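Since the structure comes first, as structure tokens, the remarks are kept for the end.
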Amino acid sequence: MRIITINVNGIRAAERKGFFSWLEKQNADVVCLQEIKAQEDQLDERFYPSGMHTYYHSAERKGYSGTGLYCKSKPDRITYSPWEDINSEGRIIQADFGNLSVLSIYLPSGSSKEERQAFKMEFITERFLPHLRK
């Protein structure tokens, strides 16, 4: 299985720079996107690659964070952030394929404030790592 992960720093900006032409050549089974910075209602058919099942998890705040997945095979299940307190930031989307889980995750930045760094470390150690061990 070929899995690609990429921080697109804005899916619409990436599209203008040829992202989808590049993606077509990659022959990926799953593509994990971070920092899509768009709501689904801002995305037309160009953002739904042919032959791929497309899932986006947008932040409520426009132009901020967000994750996505493109999958050749339809996943058995798609899960959006299991933590309600950060669900509005669109930071995690998970596709389950039998015994394999693929996550697209955009971690909170720890560089802006001390509280945000503490949140990032708590997120990794108290939430994300235990989630991976399930």
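The values are calculated or read from the model by the stated rules, or taken from the named source; none is laboratory data. Since we're looking at a predicted model, the values are computed, not measured. All Cβ positions, glycine included, derive from the backbone under ideal geometry; neighbour counts span all protein chains shown.
For the range 85-118, the set of residues classified as in contact with a helix residue (DSSP H, G or I) (Cβ under 7 Å, 6 or more places away or on another chain) and free of Cβ contacts under 8 Å to residues at least 12 places away in the same chain consists of Ser109, Gly110, listed by residue number. Checked against (1) touching a residue at least 24 places away in the same chain (Cβ under 8 Å); (2) out of contact with any Asp or Glu (no Cβ under 7 Å at 6 or more places or on another chain); (3) surrounded by 15 or more Cβ atoms within 10 Å (Cβ to Cβ), Thr54 passes all but condition (1).
With respect to (1) more than 13 Å from the chain's Cα centre (by Cα); (2) at pLDDT below 95, the lone exception for Ser65 is condition (1). Across the range 1-29, the number of residues qualifying as in contact with an Asp or Glu (Cβ under 7 Å, 6 or more places away or on another chain) and over 19 Å from Tyr56 (Cα atoms) comes to 2.
Of the residues making up the range 9-47, those that are in a helix (DSSP H, G or I), closer than 26 Å to Phe97 by Cα and either charged (D, E, K, R) or touching a His at 6+ places or on another chain (Cβ under 6 Å) (or both) are Glu24, Glu40, Glu45, Arg46.
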